[in-house]
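The values are calculated or read from the model by the stated rules, or taken from the named source; none is laboratory data. Not measured: the values here are computed from a predicted model. So basically every Cβ, Gly included, is an ideal-geometry build from the backbone, and we count neighbours across all protein chains shown.
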Amino acid sequence: MPLIVAKGLVKEFNNKKVKNRVIKGINLSIEQGEFIAITGESGSGKSTLLYLLSGLDKPTSGGVFYMGKNLALFNDREMAELRRNEISFIYQFYNLIPNLTIYENIILPKRIEKRLSLEDKRYLKELLDFAKIGHIADLRPNEVSGGEQQRAAFIRSVFTRPKIIFADEPTGNLDSASGERLIDLIKDINSTYKTAIVMVTHSKENAKAAQRELVLKDGVIYDEKRQ
Amino acid sequence: MIFKQATRNFSQNKVTTAAIIFTVALCCVMLFLSFIYSQIIQEEFRQNIPVEAENAVIRIEYTPQSRTRIITISPHLDPYMDDIEFTVGALDIYGVTKIRKNTFYINLIGLSFENLNKINNLEYIEEEKEKRPAKDDIIISQKTAEELGLSLGNSILIRVGQKEKRFYVAKIAHDHPCFERAGVHVIYGVESFVSDYFPGGGYGNFYNKIYIKPKDHISPQALMDKLSRISAYKGYDIRLETDVRSYDQTARDIALPLTIASVGCVVMVLILIFLIVNSRIKKQMELISKLKSVGADNGYIFKVFALEGLFYIVLGVLLGVAANLYLFYKILPLYMNINLGNDFYIKSLILSSLSNAVVIFLLFIYPIWKSKNVSVRKTYVSSKNTLWKGNKLLLIFGTLAVGASVPLVVLQRLNPVRGLIAFILLFIGTVIIIPYVVQGVFYLLERFSKKSVSFIAFRNLRQEKAITNNLRILFSAIIVCSILISAASLTSSLLFQVISDVDCDIIIENVKGETAYQKNKVLETDGVYDVYCYYYEKSTMSIGKQQMDVNIIGISPDDFDFMQNTGDLMSREELIKVLNKKDGMLLDFMYHKVYGIEIGDKLSVEMNGILQDIEVKAFYNSYQYGGRTLVIHSELMNDLFNLPLYDTIVLKTHNNVDETVMVLRAELGDQNVIVINKNALFGVYVDILEDTLTFAYLFSFFIMAVCLFGVFTNIVNSREERKMAYYQLYSLGMDKWRIMGIELIENLFVAVFCGIFALLTHFIFSLSISNILAVSRIYIPTPMSFLYSLYLSLFFGAGYVLFALSGYFSVKSKKAILILKYN
């Protein structure tokens, strides 16, 4: 069964009596363990599509089905559970909570779930080493570099062993070396843990890391490339 | 993790945290003060009520309408002895003594010493135990002994009328309320010796006062009803010994304006806390969205913020309670005589703290609760947005609320509930619509603006959230402070009124004025002027089932100048013309405004045990006797109620007041007539009133400080948002003078608009407070002063502009572009 299926997805924004249709009837299927890159020009609807697929936003018409269940029917508590256990996000601006340490930020989803086991702690150590951020675990976000913050945000998204990670321009705010390092990490996680990745990016280089590249233009999938 | 996040949120911005805790604490203090203020004033008055017989319950006392000047206990009270535990008779007369060329007024009370100890729990400093009781013994207080220079065994020559007798000090008692009587020294002598002054006296058993204590199971009121039917006591005043009702009423009248103002301020501070919390929650939206993106549900977010709120409340309330305790035990006793052992204060402290904590907690959690439906994406969008978005429904509600408040208060008749509803509707409605009006005005102005400075300023004025908040807070502060200052000023007028109910130098009471004989005698006295005679009695009147308390003044038109009249309804000449017709009464306008009494209505008035219907002929407006007076022609009163034409004469003198008192006492020569220097009579009042007024001003300035603090806290908060705008303008190449220009225009317009709104709504607020004050049966046509509102608008406006502009200086020296990049 596909992990996520989008059927006839439409999204309109109403602004002062002007309807702006950003997504114009997209059909899409995402398999488990798949790595998809969404590319396109500014204003093509990439981020909006990501928000719709991840359930952060609701479509005007059509539906998004996660493991066969329509996300529109999930209530707030079920969506929160889904975000805690099955899907994760990485943002361009990291979105770490400023008054918690890097370590506390990473374990936050498990703390909310109230189940941080010894096994989880071992796994976290492994991930921190993997991302080479073990030495900054006790520092606050404003005390570390942007690359380190983004890797920490990525580790936070991986730590809950989600089935899928949505990444919105994850390298957009990083220098090229840090960006490459992050993409390598994402690829490793995808291949090691079979975690599906949906990544919005402007970078053609980054898109090459994905197995499938969807090119968006004016709210529709204009082109689809398999690598 | 919830605890950790809550504590870190709590300690993140120390200035805001301190501001919220301080505001919560102040709210506690103000609520506590509004709870206890009236009680403190009442206690202050009660402690100064002259108690003649602390163990007695009922007093029968001579009045000018008494049929006889002296009465006996037996046989009149014999039939009721089964209901009575004890009766004590006393002869209460006035005299003078001269010691070392100084004249002292003496209130000589004759009763057996055994009876004196029965009615009062006296403790003696000195007494001659070996000495056998003699009929010329007297008991004096420690204070009298010191002031008259008397000690045990000393003699004192007392003159009553034309007779003189020498008395010997047998006992000196500790000071006690039974020795307190304004302007005179109270001396207790043996009844048979004192009664010598009365025709047929000399053997005792003749009294002009009887103190009675009913048995425990007997209702005092029922016994008083029985006693009032005894024909021998006709005309004598039969009342409770410690009747505190009239004092309580005066105290409540005085406390009311500031109590209402302080409750208004509590509401204002609660709104302030809500606005601070709300603005913080808007800032916290980003955090909420971050938490939601990692899977936090509404419950988790709620717990984090509610726990944080709890920290503020616990610390704020603890600080408030500590401040209240300090205020209560250390500060207030400096100004007032507070009974620190009274449970009421502790209960008030607990109740005000708890209710405060609950209300503030609800204010804290409401915005969090509101955020539960915010989607993660929307939260991101709104957290980056400092623009204010109106809500049409809210605008309609605000407009309707303002519109509805007007008809509620312009009605003829006053109603405190209507007044309160109008006040709340007008306050909330105006607070809601101010930004909409400002938005509308600047939407138009922006179109005609050609310069970038004014364009940016106008655009900010109509859409910045921070400006919206400032508009609302500044307006609230002006209104609340205007009410508060008016309330303090009103308290001062009401206090002054208590003293100036009777404007004179000397008061002659207990005059049995059947003709103008006494008045003429007084007029013949050298140096005397402004002599007015009137009859005064506190009574009740009714119409239908409505019963009203009233102070009845029987007066002849010649003496009508005694009545104060604000003159805005009918001139003094017209009122005298109506009074001269002797066919009805003049009534204070309060009874029309509060009870709906109209001209032509017939009111049943009770005096001297007689009930008569009297028609209302005209209204006047006066604050005398708390604004609860009725004036009737003295001859009509004499006809209808069989009362003397007057019982009181008041006068002024060009000569020495004390000497004039002496002359008058000799002229009038009646042992029951009381001639008192008014300053001596009101001396005790003046002290209480001065203390009360000091406290009232202290209280009002304290609350004003809270309002100022609230406004400036909000400016400090909004300054954080403004800083970013400064940096952006710098980065776009604007110089500091242009930026200052933008700031000046924005803040000046905020101040101007708030001032305009405050002045426009002033009259409706004033009318609604006029209605609210009717709760205590007071009619004050203009409780709020327009001038105060104007001055406060200017003061707050100028303060606001200067303080807001000063924010510019704190950032101007920084390297704006670098800061912008960093942010």
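Reported count of residues in segment B:86-100, each being over 40 Å from the mean Cα position of the chain (by Cα) and polar (S, T, N, Q), is 1. A search for C-beta distances below 6 Å between a residue of segment A:91-109 that is within 13 Å of A:Ser157 (Cβ to Cβ) and any residue that is hydroxyl-bearing (Ser, Thr, Tyr) and buried (at least 19 other Cβ atoms within 10 Å of the Cβ), counting only pairs 6+ apart in sequence or on different chains, returns A:Pro109/A:Thr160.
Quick check on B:Leu645: is it more than 21 Å from B:Leu773 (Cα to Cα) and more than 30 Å from the chain's Cα centre (by Cα)? Here the answer is yes, as B:Leu645 does meet what is asked. Inspect all residues belonging to segment B:520-527 and state whether any of them is in a helix (DSSP H, G or I), over 19 Å from B:Asn679 (Cβ atoms) and in the same structural domain as B:Phe765 (by TED's automatic domain parsing). Checked against the condition, which is being in a helix (DSSP H, G or I), over 19 Å from B:Asn679 (Cβ atoms) and in the same structural domain as B:Phe765 (by TED's automatic domain parsing), segment B:520-527 yields no hits at all.
Residue count for segment B:585-610, restricted to those that are surrounded by 13 or more Cβ atoms within 10 Å (Cβ to Cβ) and farther than 28 Å from B:Asn771 by Cα: 3. Taken over segment B:403-417, the residue count meeting the criterion of being in a helix (DSSP H, G or I) and crowded, with 20+ Cβ neighbours inside 10 Å is 3.
Counting just the residues of segment A:82-106 that are more than 8 Å from chain B (Cβ to nearest Cβ) and touching a Phe, Trp or Tyr at 6+ places or on another chain (Cβ under 6 Å), which one comes out modelled with the highest pLDDT? Out of the qualifying residues, it is A:Ile106.
Determine whether B:Phe274 is surrounded by fewer than 18 Cβ atoms within 10 Å (Cβ to Cβ), more than 23 Å from the chain's Cα centre (by Cα) and aromatic (Phe, Trp, Tyr).
Details: surrounded by fewer than 18 Cβ atoms within 10 Å (Cβ to Cβ): yes; more than 23 Å from the chain's Cα centre (by Cα): yes; aromatic (Phe, Trp, Tyr): yes.
Answer is yes for this residue.
Residue by residue, here is whether (1) closer than 27 Å to B:Lys519 by Cα; (2) in contact with a Gly (Cβ under 7 Å, 6 or more places away or on another chain); (3) not β-branched (Val, Ile, Thr) holds:
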residue	(1), (2), (3)
B:Gly596	no, no, yes
B:Gln612	no, no, yes
B:Lys617	no, yes, yes
B:Tyr623	yes, no, yes
B:Asp639	yes, no, yes
B:Leu651	yes, no, yes
B:Asp658	yes, no, yes
B:Val673	yes, no, no
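For the structure I just gave you, tell me whether A:Tyr66 is touching a residue at least 12 places away in the same chain (Cβ under 8 Å) and either within 12 Å of chain B (Cβ to nearest Cβ) or of a type in the set (Lys, Arg) (or both). No: the conditions fail for A:Tyr66.
So, A:Ile4, is that one at negative phi, more than 9 Å from chain B (Cβ to nearest Cβ) and either buried (at least 20 other Cβ atoms within 10 Å of the Cβ) or in contact with a Pro (Cβ under 9 Å, 6 or more places away or on another chain) (or both) or not? When the stated conditions are applied, A:Ile4 passes them.
How many residues does segment B:43-53 contain that are under 28 Å from the mean Cα position of the chain (by Cα) and at pLDDT 80 or above? Even if it seems obvious, please write down each step before you answer.
Residues of segment B:43-53 under 28 Å from the mean Cα position of the chain (by Cα): B:43-52.
Checking the rest, the ones that are also at pLDDT 80 or above come to B:52.
Counting residues in segment B:43-53 that are under 28 Å from the mean Cα position of the chain (by Cα) and at pLDDT 80 or above gives 1.
Report yes if some residue within segment B:533-549 is assigned to a loop (DSSP other than H, G, I, E, B), more than 23 Å from B:Thr653 (Cβ to Cβ) and in contact (Cβ under 8 Å) with a residue 12 or more places away in the chain; otherwise report no. Let's see the steps before the verdict.
Of segment B:533-549, the ones assigned to a loop (DSSP other than H, G, I, E, B) are B:544-545.
So of that shortlist, the ones also more than 23 Å from B:Thr653 (Cβ to Cβ) come out as B:544-545.
Those still in the list that are in contact (Cβ under 8 Å) with a residue 12 or more places away in the chain too: none.
Scanning segment B:533-549 turns up no residue that is assigned to a loop (DSSP other than H, G, I, E, B), more than 23 Å from B:Thr653 (Cβ to Cβ) and in contact (Cβ under 8 Å) with a residue 12 or more places away in the chain.
Of the listed requirements (1) more than 30 Å from B:Leu698 (Cβ to Cβ); (2) outside any strand (DSSP E or B), B:Tyr94 misses just one: (2).
The numbered conditions (1) of a type in the set (Asp, Glu); (2) at pLDDT 85 or above; (3) surrounded by fewer than 18 Cβ atoms within 10 Å (Cβ to Cβ) are all true for B:Glu61 except (3).
Yes/no matrix, rows are residues, columns are (1) in a helix (DSSP H, G or I); (2) touching a helix residue (DSSP H, G or I) at 6+ places or on another chain (Cβ under 6 Å); (3) of a type in the set (A, V, I, L, M); (4) modelled with pLDDT of 90 or more:
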{"site": "B:Leu636", "(1), (2), (3), (4)": "yes, no, yes, yes"}
{"site": "B:Asn655", "(1), (2), (3), (4)": "no, no, no, no"}
{"site": "B:Val661", "(1), (2), (3), (4)": "yes, no, yes, no"}
{"site": "B:Leu664", "(1), (2), (3), (4)": "yes, no, yes, no"}
{"site": "B:Gln671", "(1), (2), (3), (4)": "no, yes, no, no"}
{"site": "B:Ile676", "(1), (2), (3), (4)": "no, no, yes, no"}
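In this structure, is B:Ile41 part of a helix (DSSP H, G or I) and either in contact with a His (Cβ under 7 Å, 6 or more places away or on another chain) or surrounded by 15 or more Cβ atoms within 10 Å (Cβ to Cβ) (or both)? Yes: the conditions hold for B:Ile41.
So for segment B:438-456 (the condition being over 23 Å from B:Ile739 (Cα atoms) and in a helix (DSSP H, G or I)), does at least one residue qualify? Give the steps one after another, and end with the answer.
Kept after step one, since they are over 23 Å from B:Ile739 (Cα atoms), are these residues of segment B:438-456: B:440.
Next cut, in a helix (DSSP H, G or I) only: B:440.
Yes, segment B:438-456 has at least one match.
Going through (1) modelled with pLDDT of 80 or more; (2) farther than 28 Å from B:Thr660 by Cβ one by one, B:Val15 falls short only on (1). In segment A:152-164, the condition of being more than 14 Å from chain B (Cβ to nearest Cβ) and not hydrophobic (A, V, I, L, M, F, W, C) is met by no residue. Among the residues of segment B:615-630, those that are touching a helix residue (DSSP H, G or I) at 6+ places or on another chain (Cβ under 7 Å) and farther than 14 Å from B:Asp501 by Cα comprise B:Lys617, B:Ala618, B:Phe619, B:Tyr620.
The one condition from (1) aromatic (Phe, Trp, Tyr); (2) modelled with pLDDT of 85 or more; (3) over 22 Å from B:Leu767 (Cβ atoms) that B:Phe427 does not meet is (3).
Where in segment A:161-227 are the strands (runs of 3 or more DSSP E), entirely inside, with at least 2 residues that are over 17 Å from A:Gly45 (Cα atoms)? I'd like the intermediate steps shown before the answer.
On the way: elements: A:164-168, A:196-200, A:212-217, A:220-226.
Because the criterion is at least 2 residues that are over 17 Å from A:Gly45 (Cα atoms), the strands (runs of 3 or more DSSP E) in segment A:161-227 that meet it are A:164-168, A:196-200, A:220-226.
If the condition is being out of contact with any helix residue (DSSP H, G or I) (no Cβ under 9 Å at 6 or more places or on another chain) and of a type in the set (Asp, Glu), then segment A:171-191 contributes only A:Asp184. Can you find a residue that is facing chain B (nearest Cβ under 10 Å), under 28 Å from B:Val304 (Cα atoms) and crowded, with 21+ Cβ neighbours inside 10 Å anywhere in segment A:26-49? No, every residue in segment A:26-49 fails to be facing chain B (nearest Cβ under 10 Å), under 28 Å from B:Val304 (Cα atoms) and crowded, with 21+ Cβ neighbours inside 10 Å.
Counting only residues that are out of contact with any helix residue (DSSP H, G or I) (no Cβ under 6 Å at 6 or more places or on another chain), modelled with pLDDT of 85 or more and closer than 23 Å to B:Asp647 by Cβ, segment B:587-612 holds 6 of them.
Out of contact with any helix residue (DSSP H, G or I) (no Cβ under 8 Å at 6 or more places or on another chain), under 23 Å from A:Arg122 (Cβ atoms) and away from chain B (no Cβ under 14 Å) - does that describe any residue in segment A:202-210? So far as segment A:202-210 goes, no, none of its residues is out of contact with any helix residue (DSSP H, G or I) (no Cβ under 8 Å at 6 or more places or on another chain), under 23 Å from A:Arg122 (Cβ atoms) and away from chain B (no Cβ under 14 Å).
Against the test of being aliphatic (A, V, I, L, M), over 23 Å from B:Ser195 (Cα atoms), surrounded by fewer than 18 Cβ atoms within 10 Å (Cβ to Cβ) and at pLDDT 85 or above, the options B:Leu152, B:Leu157, B:Leu148 yield a single qualifying residue, B:Leu152. Here is a check on your reading of the model: is B:Ile576 crowded, with 20+ Cβ neighbours inside 10 Å and outside any loop (DSSP other than H, G, I, E, B)? The answer is no for B:Ile576.
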